[in-house]
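Everything below concerns the one structure shown next.
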Amino acid sequence: MSEIIDVIGYLAISQLLLIGLYFLGFHRKRLIARLIALLCLCLIAVVVLASSNVGGSFTTNYVLVRFVFATPAVLWLAAHVVFEDNHFISPLMWLVLLGYQVVHAIGSIIVPELSQTFGFLSQISYPFMLGLIIHVIIIALRGKSGDLVEPRRRVRVPFAVCLASILAALIALAMVISLLSNMPQSLILSMTISCNGLLFLLALTVNLTSLKIADLSESGVNEARNTEPVKIDLHEKGQSISPRILNRIRELMIEQKLYRDSSLTIGVLADKVHASENKVRYVINKEQGYRNFNQFLSQYRVAEAEELLLKSVEMPISDVAFEVGYSSLSTFNKAFKEITGVTPTNFRNNDGTGRGEKAREVLFKSQSEI
């Protein structure tokens, strides 16, 4: 059975190397490409460490373990860059990403006089790793309905289900091996084969997909992830339908103030525009430059909120938030500050000084085009 592990391991490593070299070779200037290459390196360390005939010094194995335990953190960073439009990472999150690895690095030092004191630390890191994997799934899935970048929206579910599930299985395997030293060897080998096999199939699928994308587009993955338009029929009776949809959206938002509906979704908007969701996504993303639906709605909501904060000075800020379509005050405060640079309270107290021109222009720009 050990020979099977080695063969599958070699196959997995070869596919992971192809992925890493492909992204570094063709997209090395992009952050996500470097993160994917680093993720492949971490997964190669997983496969090598699981091999039945790994030898080497303590230092070699220790370095491999460091890459293995860095895998969830690198995966989280990659998911954050791909699926989140705001790439800011809070100091607390950086503490989690780096902290659990430092804790495990201390706890896994094999020094007799330290092992009894710090050995338990190596077990503490596992819950953090599993937590990161769960958060990766949440990141991938939570923005799917409002994602206006169609290629990115399509890969959210496969990304969450495939990669996160495999890494969760690998972490579970590591925990079982670590906690149950008397576990039957045959069961450990079977689990190792399964994990390596899943890694191989995942890497092979990614490689085949990358090659297919490269054939369809001169810029390969770069275009597919960012700029590839939705494949829709842009002509109706010989005329472009984009202006018609765009004008209808503006009419609904500016004249009918549809954004005030806190339950408004891209599907509801598409029904009122009398167009498919894909066409509406395309117009909002390509014609207006928004990458997610909440960002699109926030521009209209914050623009009206600015007017209400200045004209209705007795109106509580919470009522302003609910009036313009927000279902919670915290969400309103966050969106308002992201767009204007100040909190609603400071905005009102300063009589609108420094108000966001971009937000205000949304309600009044191009009304003649409707």
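The values are calculated or read from the model by the stated rules, or taken from the named source; none is laboratory data. All values reported here derive from a predicted model rather than from experimental measurement. Neighbour counts are summed over all protein chains in view; Cβ atoms, including those assigned to glycine, are modelled from backbone coordinates with ideal geometry.
Remarks
- Test result for Gln288, surrounded by fewer than 18 Cβ atoms within 10 Å (Cβ to Cβ) and either not polar (S, T, N, Q) or not assigned by TED's automatic domain parsing to the domain that holds Phe83 (or both): yes
- Taking segment 304-333 as the range and being of a type in the set (Asp, Glu), over 13 Å from Ser262 (Cα atoms) and surrounded by 15 or more Cβ atoms within 10 Å (Cβ to Cβ) as the test, the residues that pass are Glu304, Glu306, Glu307.
- Condition check for Val283: under 21 Å from Arg154 (Cβ atoms), modelled with pLDDT under 90 and aliphatic (A, V, I, L, M): yes
- Scope segment 17-68; condition within 18 Å of His104 (Cα to Cα), modelled with pLDDT of 85 or more and not aliphatic (A, V, I, L, M); matching residues: Cys42, Arg66, Phe67
- Looking at Leu297, Leu258, Leu252, just one residue is at pLDDT 90 or above, touching a helix residue (DSSP H, G or I) at 6+ places or on another chain (Cβ under 7 Å) and closer than 21 Å to Arg153 by Cα, and that residue is Leu297.
- Lone qualifier among Ala12, Ala78 - being modelled with pLDDT of 85 or more and in a helix (DSSP H, G or I): Ala78
- Any hit, segment 120-137, residues being at pLDDT below 80, in contact with a helix residue (DSSP H, G or I) (Cβ under 7 Å, 6 or more places away or on another chain) and not in a helix (DSSP H, G or I): yes
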